[in-house]
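Notes to accompany the following structure.
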Amino acid sequence: MVGICATVIGLVKILEERIGPSHVDEYAGLAALLFLASALASYLSMRRTTGIGLSARLERVADLCFVLGLVSLSLIAVLFAYETI
């Protein structure tokens with residue numbers, strides 16, 4: 001998902017010469033950070049062998065970050081398609 005955000009950023013940078021400035025690349029960068037946080041929390045929850053409570057909290061953080069990243073990336077796509085952002 002971070003790769004998709006990076007692709008969006010690159011494509012928007014190319015298109016900005018024709019369509020003018022937009023904030024899509026900045027929002028996609030923030031979505032990429034959410035996916036990174038999700039991956040890190042998921043990895044740490046799997047590697048954590050002691051403290052079941054901490055592992056469960058990290059899983060919830062990973063799930064929340066991933067869902068927020070998906071929702072934000074979807075909103076970015078819809079708003080960009082309708083040339084709102």
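The angle separating the long axis of helix 2-19 from the principal Cα axis of greatest extent in the chain is about 10 degrees. With contacts taken as Cα pairs under 8 Å and at least 6 residues apart, the chain reaches a relative contact order of 31 percent.
Please rank LEU68, LEU34, fewest neighbouring Cβ atoms within 10 Å first, as an exposure proxy.
Values: LEU68 15, LEU34 22.
Result, fewest neighbours first: LEU68, LEU34.
The simple spin-label model puts a point 7 Å past each Cα toward its Cβ; for LEU75 and LYS13 those points are separated by 2.5 nm.
Orientation-averaged projection of the chain equals 5.3 nm² [convex hull of Cα atoms, one quarter of hull surface area].
Relative to the compact-globule scaling 2.2 N^0.38 Å, provide the ratio for the alpha-carbon radius of gyration of region 30-79. Write out the running numbers ahead of the final one.
Numbers: Rg = 12.4 Å, N = 50, 2.2 N^0.38 = 9.7 Å.
Here the answer is 1.27, to two decimals.
Between the Cα long axis of helix 24-47 and the first principal axis of the chain there is an angle of about 10°, rounded to the nearest 10. Helix-only arithmetic for the chain: the sum of -39500 (n - 2.57) across DSSP H runs with n ≥ 4, divided by the residue total, places the mean residue ellipticity at 222 nm at -30000 deg cm²/dmol.
Quick note: the coordinates plus some simple rules give every number you see, no bench work behind them. Small disclaimer: the values here were computed from a predicted structure and weren't measured. Glycine also receives a Cβ, built like all others from the backbone with ideal geometry; neighbour counts cover every protein chain displayed.
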